[in-house]
Amino acid sequence: MKVSSKEIWESVEAIRAQAPLVHNITNYVVMNTTANALLAIGASPVMAHACEEVEEMAGIANALVINIGTLSEHWISAMFKAAERAGERKIPVVFDPVGAGATKYRTDTARKFVESFSPAIIRGNASEVMALVTEDIRTKGVDSSAASSDAVEIGRSLNAASGSVVCISGETDYIVDGDAVAEIRNGHPMMQRVTGLGCTATALCGAFAAVEKNAMAAAAQAMAVMGIAGEMAAWMAEGPASLQSRFIDILYNMTESNIERHLKEED
Amino acid sequence: MKVSSKEIWESVEAIRAQAPLVHNITNYVVMNTTANALLAIGASPVMAHACEEVEEMAGIANALVINIGTLSEHWISAMFKAAERAGERKIPVVFDPVGAGATKYRTDTARKFVESFSPAIIRGNASEVMALVTEDIRTKGVDSSAASSDAVEIGRSLNAASGSVVCISGETDYIVDGDAVAEIRNGHPMMQRVTGLGCTATALCGAFAAVEKNAMAAAAQAMAVMGIAGEMAAWMAEGPASLQSRFIDILYNMTESNIERHLKEED
Amino acid sequence: MKVSSKEIWESVEAIRAQAPLVHNITNYVVMNTTANALLAIGASPVMAHACEEVEEMAGIANALVINIGTLSEHWISAMFKAAERAGERKIPVVFDPVGAGATKYRTDTARKFVESFSPAIIRGNASEVMALVTEDIRTKGVDSSAASSDAVEIGRSLNAASGSVVCISGETDYIVDGDAVAEIRNGHPMMQRVTGLGCTATALCGAFAAVEKNAMAAAAQAMAVMGIAGEMAAWMAEGPASLQSRFIDILYNMTESNIERHLKEED
């Protein structure tokens with residue numbers, strides 16, 4: 001599947017016009033930076049994790065983003081309650097299995113979440129995606145121990161089993177749904193040296209899925225915008241901190257011409 | 001009421017000289033950025049939320065800042081314990097009802113806190129302030145669904161009922177106490193695209209209230225410094241991330257002449 | 001003891017080559033910034049605090065960093081479980097007693113942790129280190145109320161009692177082990193106006209201890225790199241936010257010649 005720069009741009013404009021409310025139950029490390037990325041692209045983020053309120057918050061949101069980066073029991077309950085409500089309202093749920101494959105707790109929680117809710121989109125690195133299907137993978141903390149291309153076949157199995165669009169990020173991002181695969185080749189290696197850019201990609205998937213009904217298109221558009229902004233930010237960045245800062249500023253200023261000029265897909 | 005640049009500057013100098021200890025029980029999203037803002041203006045922030053220690057920490061603090069941005073049961077207990085102790089010691093309590101009006105849990109908690117402790121200052125956006133008084137408002141997550149000018153009358157009711165100075169931030173900031181209203185017209189629209197600048201305003205209210213006994217003056221001074229720094233930061237900022245970074249640097253370097261030249265009040 | 005720039009550089013290269021997995025159980029305020037510092041120097045950070053998974057995570061880590069900056073009961077249990085596992089595996093444990101001396105809860109927890117596990121390295125400011133030994137000190141929130149030089153003798157007692165290398169940071173950093181003391185005189189006063197740089201120093205101790213078996217050498221190397229990067233970052237920084245951003249970029253780009261030219265030790 002090809003993603004056109006015109007469609008990406010239409011979604012960016014829709015996010016800016018509608019400012020969809022994206023409800024995030026995410027990890028402590030990235031709450032600030034993913035909120036800022038959502039604000040920069042034009043969405044309206046809210047972070048809320050108390051069991052007492054997540055159903056009500058998911059009840060007014062336009063998308064729900066669940067990220068297991070810093071898990072604990074209360075948070076898992078909140079994630080399940082929020083996803084239940086999101087399912088009833090048929091708003092898109094985007095799931096990030098951070099660190100699946102590093103500990104049994106994460107792997108089990110991630111698998112149970114996917115089985116229970118068939119999220120619209122699952123976005124992870126290669127190890128994390130593989131850990132949802134096979135026992136033969138060991139994630140190094142939250143960093144992948146495999147290349148994204150190695151995970152495409154397993155991504156297909158996961159897609160078949162879960163019904164979720166599977167988005168595997170890495171040097172090339174693969175977005176898998178049934179027989180279709182989209183490949184986005186934007187991005188820059190220095191992005192791996194900024195904490196939480198994977199989580200940011202997941203959050204952006206939430207913003208795009210709030211305005212684009214086709215989940216595969218939404219995921220591919222989000223990854224393209226992510227990669228383009230990262231690539232532009234890395235250009236002349238002096239290191240990971242200036243990359244992160246420029247990344248947010250570029251998301252905020254993203255133009256159709258930026259997308260047209262920089263988009264790199266498979267041939 | 002008018003705020004003079006001379007009085008604002010005296011408070012800034014007092015903060016820098018005394019480095020008041022500001023105890024924050026705040027949300028996960030903004031802990032880092034509000035601590036940095038407090039350090040930049042010259043205060044000494046501490047974040048502590050365990051029920052086992054909040055009374056002792058509030059027992060050595062010069063001001064207490066309570067922010068309900070990411071609530072849960074244990075945190076609510078800690079907020080109430082700390083405020084109890086602050087009340088005994090008569091140090092100023094500043095309260096931020098983040099997301100009141102978005103969920104019943106937040107609205108109820110915020111109302112109960114205000115009734116129990118009559119904070120020196122309540123700072124929120126228009127929706128949040130309105131939600132403390134009326135059922136007719138729905139906050140969009142943590143973003144306001146009303147203009148600050150719409151909330152002034154309700155702010156007056158809240159002030160009458162609670163005894164708290166009510167500070168409503170928006171394009172114009174209104175600070176209400178009895179018949180008096182101060183209006184600060186500094187700031188920049190891009191500040192809404194940076195997460196946690198509202199929470200930062202609340203934290204700065206804590207620093208100013210620690211050195212200025214008149215709570216209304218303290219709130220107006222804090223909002224003026226906030227708006228001036230934001231306005232200066234937005235000038236030539238390339239986007240929200242550079243605005244945030246420049247904002248902190250400008251707080252750190254704020255001079256009397258910056259305040260004199262930029263302060264915008266009602267006529 | 002003298003630290004040579006050659007040895008520091010060898011450790012930096014080892015971190016970049018091996019990307020040691022540093023498991024952090026740390027406070028909410030600094031999770032993002034310490035993860036970014038670890039990534040910038042070349043390590044692979046993971047933040048995980050659930051009792052259900054900390055033993056497994058510590059079981060694959062190359063170093064464990066424990067920081068009590070925002071404590072609560074569940075977190076303390078997790079810290080103890082993780083340290084138990086780290087001890088079994090003989091990987092280095094680095095401990096930061098943030099705010100010890102400010103509340104009994106922190107002081108007691110910190111003392112109990114040190115007694116139970118004899119961490120390889122304890123890093124704190126003067127007040128925090130003193131609070132582990134004597135009742136005569138009162139930390140101002142998380143800021144020191146004493147100069148680092150005042151804490152050297154007490155640091156020696158702590159080292160004798162605990163067996164831990166004691167690293168006292170301040171204008172001069174003292175690293176104490178038995179009769180040996182290393183003194184690092186790098187750094188810049190503006191670093192005190194950035195939240196979490198102390199915690200970052202602790203996290204870097206974890207990365208260095210993962211590749212350098214001698215704990216005293218590892219601590220001294222980490223403090224030297226910390227101070228050099230801070231000093232370089234402060235040069236031409238416009239304030240604390242640009243210092244923080246430049247600090248990370250400089251860690252990422254650190255060269256042997258940077259270390260040679262800037263290292264300042266006692267004569």
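The values are calculated or read from the model by the stated rules, or taken from the named source; none is laboratory data. In this text the structure is predicted, and so the values were computed from the model without any measurement. All Cβ positions, glycine included, derive from the backbone under ideal geometry; neighbour counts span all protein chains shown. Areas reflect the complete protein model, heavy atoms only, side chains present, ligands, DNA and RNA absent. Shrake-Rupley method; radii C 1.70, N 1.55, O 1.52, S 1.80 Å.
A few comments on the model shown:
- Set of aspartates and glutamates near A:Lys112 by C-alpha distance (under 17 Å), chain-local residues within fewer than 8 positions excluded: A:Glu73, A:Glu84, A:Asp96, A:Glu128, A:Glu135, C:Glu52, C:Glu53
- Carbon and sulfur %, accessible surface of the protein assembly as shown computed with the full protein complex present, 1.4 Å: 48
- Of all beta bridges that DSSP places with both ends in the protein assembly as shown, some 35 percent have antiparallel geometry.
- Model label zone, C:Glu55; criterion: amide N under 20 Å from point 7 Å along Cα-to-beta-carbon; scope the range A:57-90: A:71-74
- Amide H contacts of A:Asn125 (H built 1.01 Å from N, under 5 Å, at least 5 apart or other chain): A:Ser169
- Cβ-vector label at 7 Å, B:Ala180, separations to other copies in nm: 6.3, 6.3
- Of C:Ser164, C:Ser242, C:Ser148, the one that fluctuates the most in a GNM where chain C has Cα springs shorter than 10 Å: C:Ser242
- Volume per residue that the Cα convex hull of the range C:98-212 spans, once the total is divided by residue count, Å³: 98
- Debye intensity ratio in log₁₀ form over the Cα atoms of the range A:209-251, taken at each q of 0.32 Å⁻¹: -0.97
- Inter-chain Cβ neighbour average for residues C:41-52, partner chain, 10 Å: 6
- Compactness ratio for the protein assembly as shown: Cα radius of gyration over 2.2 N^0.38 Å (N = residue count) comes to 0.90.
- Accessible surface, the protein assembly as shown, averaged per residue in Å² (probe 1.4 Å): 33
- Peptide B:23-35, shielding by other chains (average Cβ, 10 Å cutoff): 6
- For chain C, the mean projected area of the C-alpha convex hull, equal to one quarter of the hull surface, is 12.0 nm².
- Fully extending the segment from B:Gln18 to B:Ala147, taken as 0.36 nm per residue of separation minus the present Cα-Cα distance, adds 42.8 nm.
- Taking every alpha-carbon pair under 8 Å whose residues sit at least 6 apart, the range B:151-267 reaches a relative contact order of 25 percent.
- Per-pair calculated FRET efficiency, R0 = 22 Å: A:Asp136 and C:Lys90 via Cβ, rounded to 0.05: 0.20
- Of all lysines in the structure, those lying under 21 Å Cα to Cα from C:Lys264, and not within fewer than 8 positions of it along the same chain, are C:Lys2, C:Lys6.
- Neighbourhood net charge (13 Å Cβ-Cβ; Lys/Arg +1, Asp/Glu -1) for C:Gly163: -1
- Within 10 Å of the Cβ of each residue in B:231-238, the mean number of Cβ atoms contributed by other protein chains is 1.
- Taking chain B and dividing mean pair separation by its residue count, relative contact order in percent (alpha carbons under 8 Å, at least six apart): 20
- For chain A, calculated [θ]222 nm from helices alone, where every DSSP H run of n ≥ 4 adds -39500 (n - 2.57): -15500 deg cm²/dmol
- Excluding exposed DSSP-loop trypsin sites (Lys or Arg not before Pro) (at most 13 other C-beta within 10 Å), longest clean stretch of chain C: C:3-89
- For the listed peptides A:220-231, A:248-259, a ranking on the average number of other beta carbons within 10 Å per residue, highest first, reads A:220-231, A:248-259.
- Loop GluC sites (Glu not before Pro), the range A:125-210 (other Cβ atoms within 10 Å of the site Cβ: 14 or fewer; DSSP): A:Glu135, A:Glu171
- Accessible area buried between chains B and C, both sides summed, probe 1.4 Å, in Å² to nearest 100: 2400
- Here's the picture: a label point sits 7 Å out from the Cα of C:Asn214 along the beta-carbon direction, and within the range C:146-175 the residues with their amide nitrogen under 20 Å of it are C:156, C:159-160, C:163-168, C:173-175.
- Highest-fluctuation residue, A:Val98, A:Val133, A:Val165 considered, GNM on chain A with Cα pairs under 10 Å: A:Val133
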